[in-house]
Each structure stands twice: as structure tokens, then as C-alpha cells.
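The values are calculated or read from the model by the stated rules, or taken from the named source; none is laboratory data. Because the structure is predicted, anything quoted here is derived from the model rather than measured. Note that each Cβ is placed from the backbone with ideal geometry, even for glycine, and that neighbours are counted across all protein chains shown. Heavy atoms of the whole protein, side chains included, go into the accessibility calculation; ligands, DNA and RNA do not. Shrake-Rupley method; radii C 1.70, N 1.55, O 1.52, S 1.80 Å.
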Amino acid sequence: MPYDYEALEPYIDGETMRFHHDRHHAAYVNNLNAAIGRHPQLVNQSAIALLSNLDSIPEDIRSIVRNNGGGHVNHSMFWEIMTPKGGGAPTGNIATAINENFGSFAVLKQQFNDAGLKRFGSGWAWLVLTKAGKLEVTSTPNQDSPFLTGDFPILGNDLWEHAYYLKYQNLRGDYLNAWWHVINWAEVNKRLEMAIAS
Ligand code: MN3
């Protein structure tokens, strides 16, 4: 992680970050590596490449790759798009793109938080760049990655209870609102550039 566990307080508490990174994310990495170890021809592929071509993954590990490869890729993004000195209004090209696609940042936030609230059970809310080059708000269940369907995740929030329950308990909406205070817009801009180039 690019900062201390406590660095995102008071919006995300240190104990949540420690367990989330060291236990949950670590488990996805370990499970993915164990599965890939059974098919050494896959070792040199990136996790994103595995997810982007899931149908070509041997059937005996396909759902392990979907869940744990997704878990790894989703969380790798998640740590990077947050920062202790984050939040505020978007800057740079993402600010322009948000205004073009949603009308305003406020509209995006509302759509995104709605998607997060409506996701029943565990999953993610996303801002993705579609293959058609549009910014859209989506949501996926479990650890399903937007890369599975060819969308590029620009920004995503983890809706699993492990991401917020110690501090927010059942109040997912409060967590969704607070999370915008730690967004790393410089990193989000980098991801938009990567998405356009991919
Ligand atoms: Mn998580």
C-alpha cells in the first residue's frame, strides 16, 4: 500500500485497512497463485489478461481465477485510487470527461452511490470506460471485474462488508459518502489515460 493503514482516517479506519489489505487481498493473491501453479502455461500472463480472456482459462480453475484474480485486480486498483490528501472536486481530463458524460460531478456521485446502495450483498460500484469510449456507472457482484466484459475500471468502491463494517456497521450509505474524501484524482487521471490507450 502506498500509505499507512491509519492514513485514511477518519474516513476509513486503520484496523479495517490492515485486515482488508493483509488478510483479504493477500488471500486472493495466494488463491490465484495456487490455481495458476496447476497450469504453468499461464504463469507469465498478467491477472488483467487472465480476466480479459476468461473463456480460455482451463475449466478447473476458471471460477477461482474469476473470483481471486478479480479480487487481486480490484484491490490493486482500490489502494491506488485512494490517498490521505485526496477528495475534493475532480481535476484534469477526468473532470472534463465527467462533465461531458454526466453533466456534473454531483450527478456522477449520486449515480455511483445509488449503484453502491442497490448492490445486494457483496460487490463493487464502478466508473468504467466502455469499449465505445463512454464513461458509465456500473456495479458487479462478488469480485467480478469490469475487465471480464471489456470495460476498463477507472474508479471503483468495494461494497463488501469487510471494507466498512468495523466503522460503519450497516450504514453502507455513510461509507459511500465518506469515501469520496479520499479519492486520488491524479491516479484516476492516470487510469483514464491507460483506458484510452488500451
Ligand atoms: Mn475488499
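Per residue, the convex hull spanned by the Cα atoms of the range 142-198 measures out at 87 cubic angstrom.
Per the Debye formula on identical point scatterers at the alpha carbon atoms of the range 13-80, with no solvent, log10 I(q)/I(0) at q = 0.15 Å⁻¹ is -0.46. The alpha carbon convex hull volume per residue for the range 85-142 rounds to 102 Å³. Using a probe of 1.4 angstrom and keeping all protein chains present, the accessible surface of the chain works out to 48 square angstrom per residue. Across the chain, Cα-Cα pairs more than 29 Å apart make up 21 percent of the total. In percent, rounded to a whole number, the relative contact order of the range 13-80 is 40, using alpha-carbon pairs under 8 Å and six or more apart. The modelled label-to-label distance for the pair residue 131/residue 43, using points 7 Å beyond Cα in the direction of Cβ, is 3.3 nm. Length gained on full extension, residue 186 to residue 89: 33.8 nm, using 0.36 nm per residue less the C-alpha separation. Within the chain, helices built from complete DSSP H runs that reach 15 Å or longer along their own axis (Cα positions) and carry a mean Kyte-Doolittle hydropathy of -0.5 or higher are 26-37, 92-102, 105-118, 185-197. For the range 96-138, list residues with backbone N below 16 Å from a point placed 7 Å from the Cα of residue 19 toward its Cβ? Correct set: none at all.
Dividing the mean sequence gap of close Cα pairs (under 8 Å, 6+ apart) by how many residues the chain holds gives a relative contact order of 25 percent.
Between the range 92-134 and the range 1-68, the C-alpha centres lie 24 angstrom from each other.
Pairs from the table (134/190; 167/190; 85/134; 85/118) lying more than 26 angstrom apart at Cα are 167/190; 85/134; 85/118.
Here the accessible area is traced with a 1.4 Å probe on the protein chains. For the chain, carbon and sulfur cover 50 percent of it. Residues of the range 76-91 falling in the label zone of residue 109, defined by backbone nitrogen less than 17 Å from a point 7 Å along Cα to beta-carbon, are 82-83, 85-91. Segment residue 171..residue 7, full-extension length gain: 56.9 nm, with 0.36 nm per residue of separation and the alpha-carbon distance subtracted. Which shape class, rounded, prolate or oblate, goes with the range 93-197 when its Cα gyration tensor gives a ≥ b ≥ c as root eigenvalues, a/c under 1.5 marks rounded, and past that a/b bigger than b/c marks prolate? Cα axes put the range 93-197 in the prolate bin.
Listed values for the range 51-57 are Karplus-derived 3J(HN,Hα) couplings in whole Hz (6.51 cos²θ - 1.76 cosθ + 1.60, θ = phi - 60°), namely 5, 6, 10, 4, 4, 8, 7, and x replaces Gly and Pro. Using the Karplus relation 6.51 cos²θ - 1.76 cosθ + 1.60 with θ = phi - 60°, the per-residue 3J(HN,Hα) values for the range 157-162 come to 10, 7, 9, 5, 4, 5 Hz, with x marking Gly and Pro.
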